[in-house]
Structures are given as C-alpha cells and as structure tokens.
Amino acid sequence: MSSLPPLEPAREALRRHVLTHSLKTGTFTLKSGRASTWFLDTKQTACRPDGIVLVADVALSLIPPEVTAIGGLTMGADPVAFGVAAIAASRGRSLRSFSVRKEAKDHGVTGRVAGALQPGDKVAIVEDTVTRGTSLFDAVEVVRAFGAHPVFITVIVDRGGTCAEMARSAKISYEPMLTAPQLGYDFGS
C-alpha cells in the first residue's frame, strides 16, 4: 500500500477495509458491458459491522450539517443510507433514511420512495459504488419530484470519474469517500 496516495486516517481505514473485503480481481463484465480486471462489491464493506462504522465515519465527516435525510436507489444505497443514519443517531445527529424503488409500487404506500423522506428535506444521495452515475441521478430526479432537495452526493467508491461533472451540472455538491486512483486503479479501467 506504500504506492497508494496518502489519506487522512478515517479514509485510510475505509480504504484498507475495501481493499481487503470488497475488491475482486480477475476478468469481469461491468454493468456498462465493458470488461475490467477489477470489480468492487462494496456491499462487502457496507454490510459488515466494522465496515459500516468506517463508512459512517467518512460519510458523516462529509455530509453537510443542513442535510436532514439520506438515501438513494435501492439496493446500492440501502446499506449505506440505513447504516449511516443509525450510526449518526448514536452520535446525536438525526438523519431520516429512505430508499428509491426501481419501479413505482401500485398498492399500499404507492410511488418510488419508501422510508422516512419528507417534502422539503435537504438530502444526501448515496450509493455504494458508482461508475457512470446513472443510478445516482435517477434517485436525484425521484427525490426532486417528491418535493425534497438533493444537496449532496457521496459514494463509497467512485470508480468511473464521471459523476463529479454530472453533479456539478446538477448543482449538487459531490465528494466520494474513495476513488479508483486511491485504490490503485485508473478511473474507468
């Protein structure tokens, strides 16, 4: 790890966890259809008790104080949003969590939002890993249509490098917890 760029202690601890538990090497076909020699299953970090604490340590240092809710597109956002909200509560910070369904539900509580999101909330949109950003911005549109305001986006790992420009265009602050180069890989590789 000596060839990796230095990080502050919380991010370094998260990086070590991701490299140990979430990084797979070999031959993979990404969601985009492209081939890659590495794959991230960051749910292996977000769904482990020690991992979600590390995710929360970094996320809570980044999420602006005006944020009142946290969530994103199910499944990638769920462990991040729910875990960070629970750990935030144990530290005296109240963040309501929610999921954005991939399709609208037509019975019971209908629509695409499930959870405690409220109209007017200032929202952190989260995801486990992002390559292109399409899932994040699907969630942004649903949250806006619901009447809440996405103000911040973070992900455990940005492996593609395109999300920052998309966020800038949407006028939403964006800061990933980790990036592909911080794991020793080029963006988009």
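The values are calculated or read from the model by the stated rules, or taken from the named source; none is laboratory data. Computed from a predicted structure; not experimentally measured. So basically every Cβ, Gly included, is an ideal-geometry build from the backbone, and we count neighbours across all protein chains shown.
A quick yes/no check of all residues on (1) in contact with a helix residue (DSSP H, G or I) (Cβ under 7 Å, 6 or more places away or on another chain); (2) more than 27 Å from P6 (Cβ to Cβ); (3) of a type in the set (D, E, K, R); (4) at pLDDT below 95:
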position: V109; (1), (2), (3), (4): no, yes, no, yes
position: G115; (1), (2), (3), (4): no, yes, no, no
position: V140; (1), (2), (3), (4): no, yes, no, no
position: K171; (1), (2), (3), (4): no, yes, yes, no
position: D186; (1), (2), (3), (4): no, no, yes, yes
**Of all residues making up region 156-189, the number that are within 13 Å of the chain's Cα centre (by Cα), surrounded by 19 or more Cβ atoms within 10 Å (Cβ to Cβ) and in contact (Cβ under 8 Å) with a residue 60 or more places away in the chain** = 5
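Looking at region 171-189, which of its residues are assigned to a loop (DSSP other than H, G, I, E, B) and touching a strand residue (DSSP E or B) at 6+ places or on another chain (Cβ under 8 Å)?
Residues satisfying the conditions are I172, E175, P176, M177, A180, Y185, F187, S189.
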**Message:** Every residue in region 63-85 that is touching a residue at least 24 places away in the same chain (Cβ under 8 Å) and over 12 Å from the mean Cα position of the chain (by Cα), please.
**Reply:** P64, E66, V67, T68, A69
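Yes/no per residue for (1) touching a Gly at 6+ places or on another chain (Cβ under 8 Å); (2) among the polar types (S, T, N, Q); (3) at pLDDT below 95:
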residue	(1), (2), (3)
K24	no, no, no
K31	no, no, yes
Q44	yes, yes, no
D50	no, no, no
L60	no, no, no
P65	no, no, no
A77	yes, no, no
**Residue, nearest to A124 (Cα to Cα), within region 143-155, restricted to residues that are more than 13 Å from the chain's Cα centre (by Cα) and aliphatic (A, V, I, L, M)** = V151
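Residue by residue, here is whether (1) touching a His at 6+ places or on another chain (Cβ under 8 Å); (2) of a type in the set (V, I, T); (3) surrounded by fewer than 23 Cβ atoms within 10 Å (Cβ to Cβ) holds:
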position: V55; (1), (2), (3): no, yes, no
position: S61; (1), (2), (3): no, no, yes
position: I87; (1), (2), (3): no, yes, yes
position: S94; (1), (2), (3): no, no, yes
**Item:** Per-region count, region 132-155, residues crowded, with 23+ Cβ neighbours inside 10 Å and either assigned to a strand (DSSP E or B) or without any contact (Cβ under 8 Å) to a residue 24 or more places away in the chain (or both)
**Value:** 4
**Request:** Restrict the check to region 15-35 and report whether at least one residue is in a loop (DSSP other than H, G, I, E, B), without any contact (Cβ under 8 Å) to a residue 40 or more places away in the chain and within 12 Å of L183 (Cα to Cα).
**Result:** no
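So which residues in region 26-53 are β-branched (V, I, T) and surrounded by 13 or more Cβ atoms within 10 Å (Cβ to Cβ)?
Answer for region 26-53, where residues must be β-branched (V, I, T) and surrounded by 13 or more Cβ atoms within 10 Å (Cβ to Cβ): T42, T45, I52, V53.
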**Prompt:** Where residues in region 114-131 are touching a residue at least 60 places away in the same chain (Cβ under 8 Å), in a strand (DSSP E or B) and among the β-branched types (V, I, T), which of them is surrounded by the most Cβ atoms within 10 Å (Cβ to Cβ)?
**Reply:** V126
**Complete:** Checked region 12-50 for anything charged (D, E, K, R) and closer than 19 Å to G160 by Cβ; matches are R15, K24, K31, R34, D41, K43
**Message:** Any residue that is assigned to a strand (DSSP E or B) and of a type in the set (K, R) - is there at least one of those in region 76-97?
**Reply:** yes
